[in-house]
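The values are calculated or read from the model by the stated rules, or taken from the named source; none is laboratory data. A quick note: this is a predicted structure, and the numbers were derived from the prediction, not measured. Don't worry about glycine lacking a Cβ; one is built from the backbone with ideal geometry, like all the others, and counts go over all protein chains shown.
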Amino acid sequence: MAKRISFKGKVLIAMSSIQGDDFSKSVVFLCAHSVDGAMGLVINKPAPRMIFADMAEKLKLDHTSPDILQLPVMLGGPVKQFQGFVLHSTDYMSEETLRVSADFALTATVDIIKAIALGKGPSRKILALGYAGWSPGQLENEIMRNGWLHCYADQELIFATDAGHQYEAALKKLGVDPSMLSSDFGRA
């Protein structure tokens, strides 16, 4: 029996065959991937007119650091778009935190938002509303049909690269020149 490949903790890079506002030119960090399906966050599509200050105001949170208020909020995907998720470094962990890998964790509670507002949250973080989900076998099918490329995630690409440049940076990590991509694909 062949060993099943898991893409958990990796980055998916949408190819031109993936259309629609949710995934066109998207970079998705995969938080979970098993025989039951996959779950990830789109990390390079900022929510229009939404920053952490808006979340803090809606949740009536006190805050200690004015610079954290400018932290962008990403459109994490089309599923549960009103639920918040924080992809973060592992220097913050709670009982509700899912450790994705040695470098990455995911928390989806108000407590992490409160901790961030007070300057006690993770040192590196991406806030997202909603997530991307795939049913069993769906992601593997999309990858086989050339819908997604994938690469290893590192903290530099995830946390230090501006969202507007993550797509190109992820492709370059694979040695792919974005200008050379074609929307036409097939099998030899």
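Values for this structure:
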item	result
The lone exception for P72 - which of (1) out of contact with any Asp or Glu (no Cβ under 9 Å at 6 or more places or on another chain); (2) under 13 Å from G121 (Cβ atoms); (3) of a type outside the set (F, W, Y) it fails	(2)
Qualifying residue in segment 139-150 (condition: assigned to a helix (DSSP H, G or I), more than 13 Å from the chain's Cα centre (by Cα), buried (at least 17 other Cβ atoms within 10 Å of the Cβ) and of a type in the set (F, W, Y))	no
Check on D54, in a helix (DSSP H, G or I), without any contact (Cβ under 8 Å) to a residue 12 or more places away in the chain, of a type outside the set (V, I, T) and more than 29 Å from S34 (Cα to Cα)	no
Any chance Y167 is surrounded by fewer than 21 Cβ atoms within 10 Å (Cβ to Cβ), out of contact with any Ser or Thr (no Cβ under 7 Å at 6 or more places or on another chain), aromatic (F, W, Y) and in contact (Cβ under 8 Å) with a residue 24 or more places away in the chain	yes
Test: L69 is outside any helix (DSSP H, G or I), out of contact with any Ser or Thr (no Cβ under 6 Å at 6 or more places or on another chain) and either at pLDDT 95 or above or on the phi < 0 side of the Ramachandran plot (or both)	no
Residues located in segment 100-133, provided they are charged (D, E, K, R), farther than 19 Å from M50 by Cβ and under 16 Å from the mean Cα position of the chain (by Cα)	D103, R124
Index of the failed condition, T90 passing every other in (1) assigned to a loop (DSSP other than H, G, I, E, B); (2) surrounded by 21 or more Cβ atoms within 10 Å (Cβ to Cβ); (3) touching a strand residue (DSSP E or B) at 6+ places or on another chain (Cβ under 6 Å)	(2)
Only one of L75, L98, L69, L127 that is hydrophobic (A, V, I, L, M, F, W, C), touching a strand residue (DSSP E or B) at 6+ places or on another chain (Cβ under 9 Å) and more than 23 Å from V27 (Cα to Cα)	L69
Output for segment 109-138, where each listed residue is part of a loop (DSSP other than H, G, I, E, B), of a type outside the set (G, A, S) and either touching a helix residue (DSSP H, G or I) at 6+ places or on another chain (Cβ under 9 Å) or surrounded by 20 or more Cβ atoms within 10 Å (Cβ to Cβ) (or both)	K120, P122, R124
Segment 13-51, subset among the hydrophobic types (A, V, I, L, M, F, W, C), touching a residue at least 40 places away in the same chain (Cβ under 8 Å) and in contact with a Pro (Cβ under 8 Å, 6 or more places away or on another chain), residue surrounded by the fewest Cβ atoms within 10 Å (Cβ to Cβ)	V35
Qualifying residue in segment 165-172 (condition: at pLDDT 90 or above and assigned to a loop (DSSP other than H, G, I, E, B))	no
T97, sole failed condition from (1) within 16 Å of the chain's Cα centre (by Cα); (2) surrounded by fewer than 18 Cβ atoms within 10 Å (Cβ to Cβ)	(2)
